[in-house]
Amino acid sequence: MNLSEAKIREITIDVIKELGEEAPPEKIRENVYRKVETLMSNGNFSQEPMDSGRVIITSYGINQPGVVSKISSVLSANDCDIQDITQKILQEFFTMIMIVDISNTKKSFKEISGLLEEVAAELNIKIFIQHEDVFRYMHRL
């Protein structure tokens with residue numbers, strides 16, 4: 001993925017036109033974020049090289065044995081490199097954030113996302129995957 005400043009500006013202008021110039025900045029930011037995510041998840045940028053090749057995976061739910069193992073096994077089986085991980089148990093709730101390099105996997109972002117959705121359904125937890133670049137672009141708005 002390689003979103004240019006011009007493309008982000010174009011998306012932002014479209015969102016402002018849709019919402020009106022009086023729209024609150026948070027609402028504009030939220031809608032731009034969704035549009036960028038949709039573009040990325042639809043693979044519209046899959047032919048262009050990603051800047052970082054990394055994704056951020058966030059998961060949470062009721063704690064149970066094997067959550068980290070299941071998620072990391074799927075990533076490992078698909079040549080994804082976990083570069084950083086933080087985990088916290090808050091009473092019975094589990095939260096985890098991972099920074100993962102997916103540049104060596106043969107799977108697309110959408111395929112990795114689908115595999116993680118299967119794990120989430122199996123474990124009855126929530127898992128979200130986003131390109132690291134989305135976070136970076138959103139902080140530029």
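The values are calculated or read from the model by the stated rules, or taken from the named source; none is laboratory data. As the structure is a prediction and not an experimental result, all values here were calculated from the model. When we count neighbours, we look across all protein chains shown, and the Cβ atoms used for this are built from the backbone with ideal geometry, even at glycine. Accessible surface areas use protein heavy atoms only, side chains included; no ligands, DNA or RNA. Shrake-Rupley method; radii C 1.70, N 1.55, O 1.52, S 1.80 Å.
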Summed residue charge, Cβ within 14 Å of Pro24's Cβ, Lys/Arg positive, Asp/Glu negative: -3
Potential extension, Glu5-Lys35 segment - 0.36 nm per residue separation minus Cα distance: 9.3 nm
Gain upon complete extension [Lys107, Phe93; 0.36 nm per residue less C-alpha separation]: 2.0 nm
Residue-count net charge about Asp14 - beta-carbon cut-off 11 Å; Lys, Arg +1, Asp, Glu -1: +2
Per-bin percent of Cα-Cα distances, the chain [5 Å]: 2, 9, 19, 19, 16, 14, 11, 7, 3, 0
The chain - charge dipole about Cα centre, Lys and Arg +1 at Cβ, Asp and Glu -1, debye rounded to 20: 60
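Leaving ligands, DNA and RNA out of it, report the carbon-plus-sulfur percent of the accessible area of the chain at a 1.4 Å probe.
50
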Gain in span if fully extended, Asp81 to Lys17, counting 0.36 nm per residue against the direct Cα distance: 19.0 nm
Accessible area per residue in Å² at 1.4 Å probe, computed on the chain: 60
Qualifying lysines (Cα of each under 30 Å from Cα of Lys7; at least 8 residues distant if same chain): Lys17, Lys27, Lys35, Lys106, Lys107, Lys110
